[in-house]
Structure formats: C-alpha cells, structure tokens
Amino acid sequence: MLNKIFKKLRFLELRRIEAGIFLLLFFGFFGLLGSRMGTANMLNTIMNTAWDLLMNTVFFIMGITVLSGALGRLLIEFGVVRLLEVLLAPLMRPLFNLPGVASLAALMTFFSDNPAVIGLANDRNFSRYFKKYELISLTNFGTAFGMGLIVLTFMSGLGHFGPAMIGLAGAVIGAIVSTRLMQRFIKPILPADADEEHEGDAEKISFKSKGGVFMRFLNSILDGGKSGVELGLAIIPGVLIISTMVMILTFGPKDAAVGYQGLAYEGVPVLPTIAGWFDWLFAFLFGFQSPELIAFPITSLGAVGAALSLVKVFSTEGLITGNEIAVFTAMGMCWSGFLSTHTAMLDSLKFRNLTSKALLSHTMGGLAAGVAAHYIFVLFNML
C-alpha cells in the first residue's frame with residue numbers, strides 16, 4: 001500500500017516538474033519573440049500569417065489534392081497502376097532489394113500518402129511475398145514516395161516541370177539509400193522469413209469495383225476527390241501551426257526602416273542566422289544561395305504540406321531557381337513528413353523498437369535525395 005502511495009507521489013512530482021519546464025520554455029520562447037517584435041505585433045503576425053496560409057496556400061493545395069486524388073483513383077480503377085506495376089517490377093530487386101510487388105506500394109503512396117503502405121503491408125496476400133526485413137523496410141520505401149503526385153503537381157503548377165522531374169529522380173535515389181540502409185541495419189537482428197517469394201505476382205490484390213464503365217468512372221473521380229478533400233483537411237494543422245512558427249523564425253520585418261508592423265510573414269530570422277554558420281555546406285550539398293531556404297527541408301521532416309507553403313513565399317522573395325525546386329521536390333517527396341508518421345507505421349507492423357534505425361536511414365536518404373537532385377540539375381545545365 002505504501003509502495004503504491006510513494007509511486008503516485010513520485011508520479012505527481014514528475015508531472016509538476018514537466019509542467020514547470022513546459023511553462024518555462026513556452027513563455028521563454030514567446031517572451032523572447034515578443035521582446036524583439038513587440039507583443040501586439042507578434043500576436044498579429046501569428047494570426048495574419050495563419051490566415052494568409054489558410055486562404056492562399058491551404059486551399060490551393062487542397063485543390064491539387066482533390067484533382068490528384070481523382071486522377072489517382074482513376075488510374076487505379078482502370079488498370080494503369082497495374083500496368084505501371086508490371087513495368088516497374090523488374091527494377092525492384094536490383095534497385096531496392098525488394099520483390100516486384102513492392103512497386104505497388106510505391107505507386108499507392110505516390111498517389112496518396114505515407115500510411116497507404118501500411119494497409120498493403122498488413123494484407124496477407126501482399127506481405128507473403130516479402131522476407132521479414134524486406135517487409136519492415138517498406139516503411140522507408142513507401143515514405144520516400146509519399147504525396148509524390150501532389151508535390152510534383154504543385155511544383156509544376158509554379159512553372160517548374162523540368163526541375164520537378166529532376167527532383168523525382170533525386171527522390172528515387174533517396175529511396176534506394178534509405179531502403180537499403182534500413183535493410184542493412186535490421187537484417188542481422190531479424191530471422192529470415194522462410195516463405196517462398198513470388199516476385200511480380202500480385203494478381204490477388206484487386207482494386208476494381210463493380211458496375212459499368214461510366215459508373216466506375218464516376219465513382220472513381222468522386223471517391224478520389226473525396227479522399228483528396230480529407231487529405232487537404234488533414235494538412236491544415238501542419239501548415240498553419242508548423243509553417244507559421246517556421247515563418248516567424250525565418251524572416252525579419254517587411255520594412256527594416258519601419259520595423260515590425262504585425263504583418264504576415266514577419267519574425268525574427270533565427271533559422272537563417274544558424275544556417276548562415278553552415279552556408280558553405282548547404283551551398284556545396286544543395287546549391288542553396290540563401291540561408292532562408294533551409295526552412296523547407298526542416299519543415300518537410302514534419303509535414304511536406306506545410307513545407308510546400310514556404311515555396312510561394314520564397315518565390316515572392318526571389319529566393320528560388322530551378323535548382324531549389326529540384327532539391328525541394330526531392331527532399332520534400334523523400335522525407336514527406338516522416339518524423340510524424342514513421343513511429344505509427346512501425347507500431348502498426350509491431351516493430352516500434354526499430355524506429356530509431358528507420359529514422360536514421362530515412363534522414364540519410366532524404367539528404368542523399370537533395371544532393372543527387374542538385375548535382376543532376378547542375379549536370380543538365382552543363383549539357
């Protein structure tokens with residue numbers, strides 16, 4: 001009895017300490033911002049930035065997710081994804097050390113988002129083609145293509161189709177690095193699955209619905225559009241919260257002579273200051289010419305939808321060229337908010353203990369994607 005009371009008291013004490021630390025950090029952070037910007041200006045900037053992101057970025061991205069969702073469902077319904085799977089299957093083993101059916105996971109996440117791969121991995125008709133370490137590495141493989149169609153459509157819509165395609169090539173390289181690193185990390189500590197592999201044979205996995213051609217077409221675009229709306233709504237918290245904080249830590253006052261006015265996208269340029277210390281490194285790796293640009297890959301770690309909201313601002317400021325679009329596409333697609341999804345994905349596969357290895361592998365993969373996109377872009381410009 002006394003032991004239980006002591007445990008409860010210790011728990012309450014830890015909770016109080018945690019609360020105290022949180023309040024100290026919370027008020028310390030916003031207190032420092034408020035001391036630089038002025039409390040009223042800081043609050044107005046937060047609200048104005050969130051409002052502008054909602055009206056001019058979120059709904060733009062939502063429009064893309066609705067259209068791409070409808071297109072993705074049409075491609076699945078009428079067998080285009082199946083055809084692509086057959087064409088891509090021969091590349092899976094030499095590139096990713098995965099059976100041919102893994103191409104279906106890449107396509108599903110490309111047309112939707114990271115968690116789509118979990119539905120496949122938990123399907124016995126799909127998972128039986130994989131050895132255990134290969135199945136777990138699908139978490140990294142599928143994430144590398146998450147929201148790919150949305151990212152490509154967004155970048156292409158800004159008039160950068162060519163650089164976006166280079167970014168796609170960079171994302172593929174990042175996927176190779178991430179997937180193979182993950183397999184190398186976990187293979188020695190997992191027993192090999194004894195099930196026989198059946199590469200390229202996924203005929204039991206069917207997405208075709210019932211009805212005539214017209215009804216299948218109509219249901220596909222409506223259901224796909226609906227899933228696009230749900231995805232668009234799901235990115236709102238990430239865009240408004242993460243992007244607002246990143247913006248505040250990226251840009252200074254609109255007019256240095258006037259000072260802070262409480263306008264959207266004002267703030268204290270902490271991230272550029274820190275990035276400026278390693279400016280030579282980012283220029284060498286990614287070709288970045290402005291330290292503010294590091295905000296995109298940092299934001300992509302948590303939410304690629306939020307990172308996309310930065311592109312328009314960077315474009316307005318004249319900070320990006322084709323090279324930055326290629327690097328952003330590669331890193332945004334490859335990372336696609338993996339910090340916020342990897343733990344849940346591995347947990348659903350009952351391998352949460354491998355989260356640290358998956359995060360490390362995918363961090364390296366995203367960096368490789370950005371470096372590859374930069375140097376491919378440089379090579380194309382030289383030709």
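Bear in mind these aren't lab numbers, they're just calculated from the coordinates by the rules spelled out. Source: prediction; values computed, not measured. With ideal geometry, Cβ positions are generated from the backbone for all residues, glycine too; neighbour counts draw on all protein chains shown.
Could you work out the equivalent-ellipsoid semi-axes for region 15-139, taking the square root of 5 times each eigenvalue of the Cα gyration tensor, largest first, in whole Å?
Its equivalent ellipsoid spans semi-axes of 45, 23, 11 Å.
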So for the chain, if I pair up every lysine 8 or more residues apart or on another chain, how many of those pairs have alpha-carbons under 23 Å apart?
13
For region 274-361, size of Cβ-based charge dipole, Lys and Arg +1, Asp and Glu -1, in debye:
440 debye
Between 0 and 90 degrees, rounded to the nearest ten: what's the tilt of helix 304-316 against the longest Cα principal axis of the chain?
60 degrees
What angle do you read, to the nearest 10 degrees and between 0 and 90, between the alpha-carbon axis of helix 39-53 and the longest principal axis of the chain?
30 degrees
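Run lengths n ≥ 4 of DSSP H only: what is the helix-derived mean residue ellipticity at 222 nm for the chain, with -39500 (n - 2.57) per run over all residues, to the nearest 500? Mind showing how you got there, number by number?
Values: 19 runs with 266 residues, N = 383.
Helices in the chain give a 222 nm mean residue ellipticity of -22500 deg cm²/dmol.
Going by average Cβ density within 10 Å per residue, which order do the peptides 48-55, 173-180 take, highest to lowest? Working shown, then result.
On the way: 48-55: 17.8, 173-180: 24.4.
The peptides rank, most packed first, as 173-180, 48-55.
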Degrees between helix 161-186 axis and first principal axis of the chain (Cα, 0 to 90, nearest 10):
80 degrees
If you average the sequence gap of Cα pairs under 8 Å that are 6 or more apart and divide by the length of the chain, what percent do you get for the contact order?
25 percent
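By its C-alpha gyration tensor, with a ≥ b ≥ c as the square roots of the eigenvalues, how is region 236-332 shaped: rounded for a/c under 1.5, else prolate for a/b larger than b/c, else oblate?
Oblate, since a/c reaches 1.5 and b/c is not below a/b.
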